[in-house]
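Visitor: Structure below; questions to follow.
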Amino acid sequence: MTLRIYNTLTRQKEPFVPVEPGKVKMYTCGPTVYKPAHIGHMVGPVIFDTVRRYFEYLGYEVIWVLNITDVDDKLIARAREENTTVRELAERNTADYLECLRALGVEGIRYMPRATDHIPDMIRLIEGLLAKGHAYVANGDVYFDVTSDPDYGKLCHRDPEQMAAGARIEVSEKKRHPGDFALWKSAKAGEPAWDSPWGPGRPGWHIECSAMSMRYLGETLDIHGGGIDLQFPHHENELAQSESFTGKPFVRYWMHNGLLKFGQTKMAGSLGNVVNVRDLLQRYPGQTLRFFLLSTHYRSPIEFSEERLDALHKSLSAFYRFFDRYQRITGESFYGLQAPRRRREVHISNGPFAQDVLRLRQRFLDALDDDFNTQGAMGVLFELLTALNRYADEHRLEDPDHRQPTSTAVFRQATLVLRELTLVLGLFMTPPAVPAITSDKIVSELVQLLLDIRNECRKQKQYALADLIRSRLKDLGIVVEDRPGGSTWRLES
RNA sequence: GGCCCCUUAGCCAAGCGGCCUAAGGCAGCGGUUUGCAAAACCGCCAUUCCCGGGUUCGAAUCCCGGAGGGGCCUCCA
């Protein structure tokens, strides 16, 4: 099976064929940094990071651009409220955004251009649009003329006249058509402004993405991503101005992710129902949040709820317990496993177990091939986990007196497949943060001392005392587990 | 008002015309294991996919109608 992607433009799943063989040029719309990042801002980045990882796994070089909008009305207003500069406000919130991305395992953004660094590019674009008759100047503003583009409306699948009819857009008398949008806005007093052929001002919102994507990725992108709320007007406008300027297709595959909901409605800065990522990270590891965002197909809306996060957190702990188990059996860390980074045929030993593992691997890859079905893929991950645990049980791998080197080797190879697949999703990249007390020398030695005493009791069949020790440790949040290889302890999760 | 999308077990969620008497997770219930636990494993948990029609040899999957929910039409990831 080959990778197929749902394209908003055609409303169909299409086989992926890049513009340039071996390369994927991907542009995604980043945030307007006027406030700290909320969890809804993370949906796109986590999804497109996974898309990026999968493309790389398939052997493509991915050039991913994510822009930062660091000048607009909201930034100006907010900076005024906070009595600071637009620049300082933008810097602060950009730093917060980047920190959140890192916590959720989002990596590999090649370019992160800021709008304010590309004003000349935008001016050039606007001049070109004026020269070609796609734009007009009105009182220091420049507007895109939607009637000049016969394709206008093709992304949102709407007829511009129809839209204009029921429009609630404030009709500026400067605009010729209600659907026309600003490419350049003349500056009011006290606003950040740049010189331009039309006088001092600042760019309209949509033009930055056209200018910056062209700058870093060329005139035709493979993938353009963003939240479905950007489909119109933002992406429609980007599309119109880009294609009007270049005369070439702007984007091969438009990918739009569903929105994060809070209760019945979407989470949005404008509605004020946001949950800051930074706050959330106090209570949940970034890994759990990433897992949450991948637990639904990317085009579906996903409802935020702590109950759900708790349930997912719990289901994730089964993986962490397995990683510990893997270490007890093989003596090596799961996180250090050198799994293949490229998709290719894999061979394990013969036998039904190995066959099962390879079948599961195939199902996992089939799911991702089908428009990045991460939830389908994660379901397979759980089945693989069960298969691995079953194998370890059946072959008594935890019992040093019984385990066979050959079965341990098979187990290791099969676990390597799990490692390979989790890396594709960007899961379990690094060991989870452990509470400081767990790694405290005195604490761990004291607990070990109690376990030694307890095991002495067990040998002498003094179970009452042994159970008392276990129960008192439990009260302290320490769970004791007896295994063939010895007793272990962990903090209750 | 216009355009679009969604509706699967107590909850979350895959499924894209036959392998579906429908993955996976959470919760629940039995069991194996264990001195007892924990963990792990095994089994049970939707004859049915919002409702009503239709197409088809065959539909959760396609078409029509209805009900409910959501998104966009204005800044928004």
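The values are calculated or read from the model by the stated rules, or taken from the named source; none is laboratory data. Note that the structure is a prediction, hence the values are computed from the model and not measured. Here the Cβ is made from the backbone with ideal geometry for all residues, glycine too, and neighbour counts use every protein chain on show. For accessibility, only protein heavy atoms count, side chains too; no ligands or nucleic acids. Shrake-Rupley method; radii C 1.70, N 1.55, O 1.52, S 1.80 Å.
Visitor: With just the Cα atoms defining each centre, how far is segment A:85-121 from segment A:30-69? Give it in Å.
Guide: 12
Visitor: Let me ask something else. Where Lys and Arg each count +1 and Asp and Glu each count -1, what net charge lies around A:T408 among other residues with Cβ under 12 Å from its Cβ? Walk me through the intermediate numbers first.
Guide: Numbers: positive: A:R328, A:R396, A:R403, A:R412; negative: A:E332, A:E398, A:D399.
Residues near A:T408 contribute +1 overall.
Visitor: Could you tell me which of A:Y463, A:A311, A:Q338 has its Cα farthest along the dipole of chain A towards the positive end, charges placed at Cβ (Lys, Arg +1; Asp, Glu -1), taken about the Cα centre?
Guide: Farthest towards the positive pole: A:Y463.
Visitor: Here's another thing I want to ask about it. All other residues with a Cβ under 9 Å from the Cβ of A:D222 taken together, and with Lys, Arg as +1 and Asp, Glu as -1, what is their net charge? Please list the in-between numbers first.
Guide: Details: positive: A:K23, A:K25, A:R252; negative: A:E20.
It works out to a net charge of +2.
Visitor: Could you work out the relative contact order of chain A? I mean the mean sequence separation of Cα pairs under 8 Å and 6+ apart, divided by the number of residues, in percent.
Guide: Details: 701 pairs, mean separation 78.3, N = 493.
Dividing the mean separation by the residue count of chain A yields 16 percent.
Visitor: Quote the charge dipole size of segment A:1-89 about the Cα centre in Debye, to the nearest 20; the model charges only the Cβ of Lys and Arg (+1) and of Asp and Glu (-1). Mind dumping the intermediate values first?
Guide: Working: 12 positive and 11 negative charges, 61 e Å.
With only Lys, Arg, Asp and Glu charged at Cβ, the dipole is about 300 debye.
Visitor: Also, quick follow-up: Helix A:405-425: angle to the longest alpha-carbon principal axis of chain A, degrees 0 to 90, nearest 10?
Guide: 20
Visitor: May I ask for the net charge around A:V71, where only other residues with Cβ less than 11 Å from the Cβ of A:V71 are counted and Lys, Arg are +1 while Asp, Glu are -1?
Guide: Numbers: positive: A:K74, A:R87, A:R114, A:K185, A:R202; negative: A:D70, A:D72, A:D73, A:D117, A:E191, A:E208.
Counting the neighbours of A:V71, the net charge comes to -1.
Visitor: Could you work out what % of the accessible surface of segment A:4-304 is carbon and sulfur, using a 1.4 angstrom probe and leaving DNA, RNA and ligands out of the count? Can you show the working numbers first?
Guide: Values: 6030 of 12410 Å².
With neighbouring chains kept in place, the figure for segment A:4-304 is 49 percent.
Visitor: Checking the a/c ratio against 1.5 first, then a/b against b/c, what shape does the Cα gyration tensor give for chain A?
Guide: On the way: a/c = 3.05, a/b = 1.99, b/c = 1.53.
The shape class here is prolate.
Visitor: Restricting to lysines 8 or more places apart or on different chains, can you count the pairs in segment A:97-246 with Cα atoms under 21 Å from each other?
Guide: Numbers: A:K132/A:K154; A:K132/A:K174; A:K132/A:K175; A:K132/A:K185; A:K174/A:K185; A:K174/A:K188; A:K175/A:K185; A:K175/A:K188.
The number of close lysine pairs in segment A:97-246 is 8.
Visitor: Nearest 10 degrees is fine. How inclined is helix A:40-57 to the longest principal axis of chain A, computing both from alpha carbons?
Guide: Here the helix axis deviates by roughly 70 degrees.
Visitor: Here's something else I'd like to know. Any idea what the relative contact order of segment A:395-476 is, in percent, if you count C-alpha pairs under 8 Å spaced at least 6 apart?
Guide: Working: 23 pairs, mean separation 9.0, N = 82.
Averaging sequence separation for qualifying contacts and normalising by length gives 11 percent for segment A:395-476.
Visitor: Rounded to the nearest percent, how much of the accessible area of segment A:364-415 (1.4 Å probe, protein heavy atoms only) is carbon and sulfur?
Guide: Working: 1010 of 2170 Å².
So the carbon and sulfur contribution to the accessible surface is 47 percent.
Visitor: Per residue, what accessible area does chain A have, given a 1.4 Å probe and all protein chains present, in Å²?
Guide: On the way: 22880 Å² over 493 residues.
Accessible surface, normalised per residue, equals 46 Å².
Visitor: If we restrict to alpha carbons, what Rg and Dmax does segment A:306-425 come to, in Å?
Guide: Computed over the Cα atoms of segment A:306-425, radius of gyration and Dmax are 14.5, 47 Å.
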